[in-house]
Structures are given as structure tokens and as C-alpha cells.
Amino acid sequence: FERYNHLSKVCEFVETGVAERALKEVKPFLPIRAMLSQKVTSETNKNFLEKYELFAETKMDGERFQIHMENGVFKYYSRNAHDYSAGLSDMSHHIKFKSVVHSIVLDGEMLVWSRKDKRFLTKGESDVDVKRLDSNNHNYRPCFCPFDIIYLNGVSYMERPYSDRTKILENLITDEEGVIMRVASTKVRDSE
């Protein structure tokens, strides 16, 4: 349940005897619960840097979303695995992946983009809800900011190092202002 957020899916996996395999399974149109980032202190950084690579990203003030695409069919899922595809379907016409992409699952933030000001709106400055944003709205549009790739062309990337996943992501998406814009990540060099 912690992985898929759907009790019906858990029952299906247990009943069919594939529960253990399902913990590793990632595929389009089966949203998983997203891993959350953690706030760290410089003391924590010292401990992490001795064992792991650490990356910093800009904290985006939007809604956590996953985009799933397979053979040109798009689905948009919230952090809690709610399907918002009907309201966000207009985005699908504007998202451009490299031609090698046949199926993909991306993790990121969905934000409100001001067409007039050419910038993101924060939740505090507007009452516009990106999950309910009408595609005919001339002032605002939803914009997806991916920061991770979970799945690509039949292969799960969950077990790959984050540094590898960000490099792969860079080469698969063409940023389009106000539609899809990658989040830059910076490798932390030292605890300072």
C-alpha cells in the first residue's frame, strides 16, 4: 500500500501471488507513491557525503505529479495516485520527447505558469489550483517540472543512481517554456 496507494492493487497483487515482484515493478499507468526529499543540515551533509553523493535542487512550489506516457498516450497522476489526465490532457500535445522514447514515467512538480508574466506562480500568491486549471484559461497554464525518471522503454530506473538518472533525463526532454521545464540539480561538493 505504501508503494501503490491503492488497496485494490494490493489485494490484486496478493491474490495473484505477485506481491513480492510488484514491489519492484514500475510500468506506465501504474502510479507509485513518490519518494519525498528531505531537508538536511550541514551536520547531516557531512555524514552523507562520506557515504553517498548528495544533490541540491530548487524547491518548487507546486503539486507533486508523475507523467506516464506509452505510445503517445499520456496520464497525469498526483502524489496520492489520483488521475488528473482529463483536466491536463491539453499538455500532451505540447510535451516533446526524443524519438527514442516509446514509454516513460517521470516524477516532478506541476506548477501554475503565468502566460502574461512568463513565470511560475507560488501557492501563496494565487488561488489558482493547478489540478483544476482549465486548458482554455488564457492567463495561466499547467507546467510540469520533471526532476527524476522512474521508467523508460520497458526498464525501471528505480535502482539506478540519481546521478545517472538526471543525465538520462537531460537527453530525453526538450524544454518548452511554460509547458515542461527540467529542474536543475547540482552535486554538493562539500558540507559547506
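Taking the criterion of being at negative phi and modelled with pLDDT of 75 or more, would at least one residue in the range 32-47 satisfy it? Checked against the condition, which is being at negative phi and modelled with pLDDT of 75 or more, the range 32-47 yields at least one hit.
Close contacts from the range 123-138, counting a first residue that is polar (S, T, N, Q) and a second that is open to solvent by 50 Å² or more (accessible area, probe 1.4 Å), with Cβ to Cβ under 9 Å and a gap of 6+ residues or different chains, come to SER126/TYR140; SER135/SER89; SER135/ASP90; ASN136/ASP90; ASN137/ARG115. Note on the range 157-178: among residues that are at pLDDT 90 or above and open to solvent by less than 60 Å² (accessible area, probe 1.4 Å), the one that is nearest to LEU30 (Cα to Cα) is TYR157.
Of the candidates VAL130, VAL105, the single residue that is open to solvent by less than 10 Å² (accessible area, probe 1.4 Å) and modelled with pLDDT of 95 or more is VAL105.
Being surrounded by 12 or more Cβ atoms within 10 Å (Cβ to Cβ) and either of a type in the set (Lys, Arg) or at pLDDT 85 or above (or both) narrows it down to one of LYS51, LYS118, LYS123, so name that one. On inspection, the qualifying residue turns out to be LYS123.
Entry remark, the range 77-101: residues being closer than 24 Å to ASN136 by Cβ and either free of Cβ contacts under 8 Å to residues at least 60 places away in the same chain or of a type in the set (A, V, I, L, M, F, W, C) (or both) number 15 in total.
Kindly indicate which of LYS75, LYS24, LYS59 is modelled with pLDDT under 65 and charged (D, E, K, R). Give the steps one after another, and end with the answer.
Numbers: LYS75 fails: modelled with pLDDT under 65; LYS59 fails: modelled with pLDDT under 65.
Checking each option against the conditions leaves just LYS24.
Does MET181 count as touching a residue at least 60 places away in the same chain (Cβ under 8 Å), open to solvent by 20 Å² or more (accessible area, probe 1.4 Å) and among the aliphatic types (A, V, I, L, M)? In short, no.
Scanning the range 133-155 for residues that are small (Gly, Ala, Ser) and modelled with pLDDT of 90 or more turns up just one, GLY154.
The values are calculated or read from the model by the stated rules, or taken from the named source; none is laboratory data. Since we're looking at a predicted model, the values are computed, not measured. Ideal geometry is used to build each Cβ from the backbone, glycine not excepted, and the neighbour counts take in all protein chains shown. Keep in mind that these areas ignore ligands, DNA and RNA; they rest on the heavy atoms of the full protein, side chains included. Shrake-Rupley method; radii C 1.70, N 1.55, O 1.52, S 1.80 Å.
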